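The values are calculated or read from the model by the stated rules, or taken from the named source; none is laboratory data. Being a predicted model, the structure only gives us computed values, none of them experimental. So basically every Cβ, Gly included, is an ideal-geometry build from the backbone, and we count neighbours across all protein chains shown. All accessible areas refer to the heavy atoms of the entire protein, side chains included, with ligands and DNA or RNA removed. Shrake-Rupley method; radii C 1.70, N 1.55, O 1.52, S 1.80 Å.
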Amino acid sequence: MAGPAIAYLLMVGRRGGLPRLRSELGWTPVFVGLAAFGAFSLALYALRLASAASVAAVRETSVVIAVALAAPLLGENVGPRRLAGAALVVVGIAVLGAA
């Protein structure tokens, strides 16, 4: 992810100069980057302990969690298509768990 991060910094710096670049940098992007790195590291560690299918199934629960929190926290409209997608993920996880 270093390449896209450097490209992003160069793009923001070129379009808005140093003041805009400073406004984009802060603790929030650092925290999000570290959290993403931590989540990926945990997934790699889980692959050492369990089968790839099991780890992939658990990782996909983030889709279900996102749908569950979309309306109350983000105020998004959760329509039937999104609910159906989340339900399919739950069914897939159940099938992999039963196998």
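Which residue, of Ala57, Ala71, Ala86, is in a helix (DSSP H, G or I), open to solvent by less than 60 Å² (accessible area, probe 1.4 Å) and touching a residue at least 40 places away in the same chain (Cβ under 8 Å)?
After applying the criteria, what remains is Ala57.
Taken over segment 11-28, the criterion of being surrounded by 10 or more Cβ atoms within 10 Å (Cβ to Cβ) and at pLDDT below 80 is satisfied by Val12, Gly13, Gly16, Gly17, Arg20, Leu21, Arg22, Ser23, Glu24, Leu25. If you scan segment 36-87, which residues turn out to be among the charged types (D, E, K, R) and within 30 Å of Ala2 (Cβ to Cβ)? Arg48, Arg59, Glu60, listed by residue number.
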